[in-house]
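Working notes, structure below.
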Amino acid sequence: MSSSPKISRRTALAGAAALPLAAATAGATRAAAPMMGVQVAPFQRLKIGSFEATTLLAGSVPRKDPHSIFGLNVDADTFKSVSAAANLPTDAAQFFFTPTVVNTGAELVLFDTGLSGEGTTAALEAAGYTADQVDVVVITHMHGDHIGGMTMEDGTPTYPNARYVTGRVEYDAWAQQDNDNFKAKVEPFADQMTFIEDGGSVASGLTAMGAFGHTPGHMNYMVESDDTQLYLGADFANHYVWSLGHPDWEVSFDMDKPAAAATRRRILDMLAADKVAFVGYHMPWPGVGYVETRDSGFVYVPHSYQLML
Ligand SMILES: [Zn+2]
């Protein structure tokens, strides 16, 4: 008996000379604490040299039947065994939406705007910023979960003081299509937009890197300050096991699947070789990790504390 936790704890409490009476008796009358559901903090701020980079959780939702999205070119047994080996269910997957805001010291730069203005500004405010402090909004590509927050629900601009930057190829590709979301969320800002190419600069230390395939002009960005780098990978890889372990698995969201797979492999090779941390817009929260090679693919290693020091 003396080895059971309950007895051990009682024995320990009996020895605590200064135990307040209220604490000793309160347990009998207090209601049980309510269950509050799964919850995570909505932001994480890291140090990139003299910059600060904050990932923002703009939303998170479960999606059923992930094999209808990832691994379109493999059979159900393969999808199941790869998932089981990684201790992942195959009936549902949790999706995350992670804009990143970088404070260069001169400008506050937001990369992507989430599904809605309301969702992203809630996380931004939790992180200590206000929407009117945002100087630059960078759009990596024109899918709805990246441009949805350009305006609030009432149609007003979410970031009233911002200038806008996006890839020339991406903008032109969507402008040629009859896309309602693009017309509602992006076109109204065209006059305030700067269009950049692969290798172009948003601001000092923020460099565009072409990552075409997911969308026609999908762009990534390298954040670099004082020899420290953080790669903002947007949607070049959308799942930490199915996309990293198997870069050639086709993904329903990739508009040009062979190009997306080639881009994925090229970037994963680079991140693994250079040991550079990346933010994946849809990686498991808080969205920052490293890449290591394994077999014919890669493995995701979540950031621990490297960018806190
Ligand atoms: Zn996305």
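Could you check, for the stretch 87-105, whether at least one of its residues is under 19 Å from the mean Cα position of the chain (by Cα), away from the ligand (no atom under 15 Å from the Cβ) and assigned to a helix (DSSP H, G or I)?
no
Just wondering, is there one or more residues in the stretch 285-294 that are assigned to a loop (DSSP other than H, G, I, E, B) and within 16 Å of the ligand (Cβ to nearest atom)?
Looking through the stretch 285-294, at least one residue is assigned to a loop (DSSP other than H, G, I, E, B) and within 16 Å of the ligand (Cβ to nearest atom).
Out of all the residues in the stretch 288-309, which are acidic (Asp, Glu) and either touching a strand residue (DSSP E or B) at 6+ places or on another chain (Cβ under 8 Å) or at pLDDT 95 or above (or both)?
The one that is acidic (Asp, Glu) and either touching a strand residue (DSSP E or B) at 6+ places or on another chain (Cβ under 8 Å) or at pLDDT 95 or above (or both): Glu292.
In this structure, does Ala208 turn out to be away from the ligand (no atom under 16 Å from the Cβ) and within 19 Å of the chain's Cα centre (by Cα)?
yes
In the stretch 176-192, which residues are surrounded by 12 or more Cβ atoms within 10 Å (Cβ to Cβ) and in a helix (DSSP H, G or I)?
Correct list: Asn181, Phe182, Lys183, Ala184, Lys185, Glu187, Pro188, Phe189, Ala190, Gln192.
Out of Asp254, Asp248, Asp274, Asp269, report the one residue that is of a type in the set (Asp, Glu) and surrounded by 18 or more Cβ atoms within 10 Å (Cβ to Cβ).
Asp254
Considering only the stretch 128-151, state which residues are within 16 Å of the ligand (Cβ to nearest atom), of a type in the set (A, V, I, L, M, F, W, C) and either surrounded by fewer than 19 Cβ atoms within 10 Å (Cβ to Cβ) or outside any strand (DSSP E or B) (or both).
If the condition is that a residue be within 16 Å of the ligand (Cβ to nearest atom), of a type in the set (A, V, I, L, M, F, W, C) and either surrounded by fewer than 19 Cβ atoms within 10 Å (Cβ to Cβ) or outside any strand (DSSP E or B) (or both), then Met142, Ile147, Met150 are the ones that fit.
Check Gly119 against each of (1) at negative phi; (2) more than 14 Å from the ligand (Cβ to nearest atom) and name the one condition it does not meet.
Status for Gly119: all satisfied but (2).
For the stretch 194-222, enumerate the residues that are more than 13 Å from Val136 (Cβ to Cβ) and of a type in the set (A, V, I, L, M).
Residues satisfying the conditions are Met209, Ala211, Met219, Met222.
Inside the stretch 237-267, can you point out the residues that are within 14 Å of the ligand (Cβ to nearest atom), assigned to a loop (DSSP other than H, G, I, E, B), more than 15 Å from the chain's Cα centre (by Cα) and in contact (Cβ under 8 Å) with a residue 60 or more places away in the chain?
Ser252, Phe253, listed by residue number.
Could you tell me which residue of the stretch 113-139 is nearest to Pro216 (Cα to Cα), considering only residues that are in contact with a helix residue (DSSP H, G or I) (Cβ under 6 Å, 6 or more places away or on another chain) and among the polar types (S, T, N, Q)?
Thr113
How many residues does the stretch 182-219 contain that are polar (S, T, N, Q), in contact with a Ser or Thr (Cβ under 7 Å, 6 or more places away or on another chain) and closer than 28 Å to Leu244 by Cβ?
1
Here is a list: Ala203, Ala273, Ala234. Which entry is small (Gly, Ala, Ser) and either at pLDDT below 95 or within 15 Å of the ligand (Cβ to nearest atom) (or both)?
The conditions single out Ala234.
For residues that are farther than 30 Å from Gly49 by Cβ and either surrounded by fewer than 18 Cβ atoms within 10 Å (Cβ to Cβ) or not β-branched (Val, Ile, Thr) (or both), tally how many sit in the stretch 79-108.
16
Per-residue answers, yes or no, for (1) under 29 Å from Ala262 (Cβ atoms); (2) without any contact (Cβ under 8 Å) to a residue 12 or more places away in the chain; (3) assigned to a strand (DSSP E or B); (4) acidic (Asp, Glu):
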| position | (1), (2), (3), (4) |
| --- | --- |
| Pro160 | no, no, no, no |
| Thr166 | yes, no, yes, no |
| Ala173 | yes, no, no, no |
| Thr194 | yes, no, yes, no |
| Val202 | yes, no, yes, no |
| Ala208 | yes, no, yes, no |
| Gly213 | yes, no, no, no |
| Val223 | yes, no, yes, no |
| Tyr231 | yes, no, yes, no |
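The values are calculated or read from the model by the stated rules, or taken from the named source; none is laboratory data. Note that the structure is a prediction, hence the values are computed from the model and not measured. As a convention, Cβ positions derive from the backbone with ideal geometry for all residues, glycine included, and neighbour counts pool all protein chains shown.
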